Amino acid sequence: VIVGSHGLELGGPGLALDPDERRRMAQLSRVAGAAAARAPGAWIEHKPAGLALHVRQAPSQLRRPALTWFVDRLADVPLAAVLPGHDVVDVALRPYDKGAAVALLRDRYQAEAVVFVGDDVTDEFVFDRLGPTDVSIKVGAGASAARFRLAEPEDVAEFTFDLARRLTRLGSIEPGNG
């Protein structure tokens, strides 16, 4: 199951915008482009119902001013969500909640436990909803509701391979062809 856009695209890519949303998206793209131009190395991640302005590759002294300039100009664009993260501001035309998406998937597949790994502010929506039988893992530094922590993104691959090996040994999953 693929879930994109922080839970807006549940079941796969594709999200149709109405004419007003398309107009607001174009306005949002122009503002984000002007903000990115203020910090060389900044880039825009386009999403079906929003976008994210990333500045982590920009010079450190230009990051906060570019994000602040961007957020200050968002007052002119009706939005459902403005969520600052680590060197990023994520904006959406429609409300979203990763935690609600994970809860829906848990119910749909009657999962007894959930393993969720995340590294950003938006992942806290999931960490807050997970229970004692679930595994919540924050990647990187910072306060979090997650029960466990991995230091670096590279550690996620090692964790995932180790989990798959253990589950295969227990007979919980079948080895694949890849």
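Please treat every number below as a calculation from the coordinates, not as lab data. Computed from a predicted structure; not experimentally measured. Cβ sites come from the backbone with ideal geometry, for glycine too, and all protein chains shown count toward neighbours.
Compute the relative contact order of the range 1-74 as a whole-number percentage, counting only Cα pairs closer than 8 Å that sit 6 or more residues apart in sequence.
Numbers: 86 pairs, mean separation 18.2, N = 74.
After rounding, I find 25 percent.
What is the helix-to-structure angle for 98-109, meaning the angle in degrees between its Cα long axis and the longest Cα principal axis of the chain, kept from 0 to 90 and rounded to the nearest 10?
Taking the Cα atoms of the chain, the angle to 98-109 is about 40 degrees.
With axes computed from alpha carbons, what is the tilt in degrees of helix 19-37 against the longest principal axis of the chain, rounded to the nearest 10 within 0 to 90?
80 degrees
Given the Cα-Cα distance of Arg73 and Arg108 and 0.36 nm per residue of separation, how much length would full extension add, in nm?
Working: separation 35, 0.36 × 35 = 12.60 nm, distance 3.97 nm.
Here the answer is 8.6 nm.
Could I get the Rg over Rh figure for the chain? Both from C-alpha atoms, Rh via Kirkwood, rounded to two places.
Values: Rg = 18.4 Å, Rh = 18.1 Å.
Using only Cα positions, Rg/Rh for the chain is 1.02.
Quick check on packing: order 91-98, 31-38 by the mean number of other C-beta atoms within 10 Å, highest mean leading.
On the way: 91-98: 20.0, 31-38: 17.5.
Order by mean packing, descending: 91-98, 31-38.
Nearest-5 percent of antiparallel DSSP beta bridges in the chain? Walk me through the numbers on the way to the answer.
Numbers: 17 of 24 bridges.
Of all bridge pairs located within the chain, approximately 70 percent are antiparallel.
What percent do you get for the relative contact order of the range 1-125 when only Cα pairs under 8 Å and 6+ apart count? It would help to have the intermediate numbers written out before the result.
Details: 181 pairs, mean separation 28.9, N = 125.
Here the relative contact order equals 23 percent.
Assuming R0 = 41 Å, can you tell me the calculated FRET efficiency for the pair Ala81 and Arg169, based on Cβ-Cβ distance, to the nearest 0.05?
Details: r = 42 Å, r/R0 = 1.02.
Working from the Cβ atoms, E equals 0.45.
Can you give the net charge of the other residues whose Cβ lies under 11 Å from the Cβ of Gly99, counting K and R as +1 and D and E as -1? Please list the in-between numbers first.
On the way: positive: Lys98, Arg106, Arg129; negative: Asp97, Asp123, Glu124, Asp128.
That works out to -1.
Helix 60-73: angle to the longest alpha-carbon principal axis of the chain, degrees 0 to 90, nearest 10?
The answer is roughly 70 degrees.
Beyond 21 Å, what percent of the Cα pairs of the range 12-79 remain? Please report the intermediate quantities before stating the final value.
Details: 601 of 2278 pairs.
Everything past 21 Å amounts to 26 percent.
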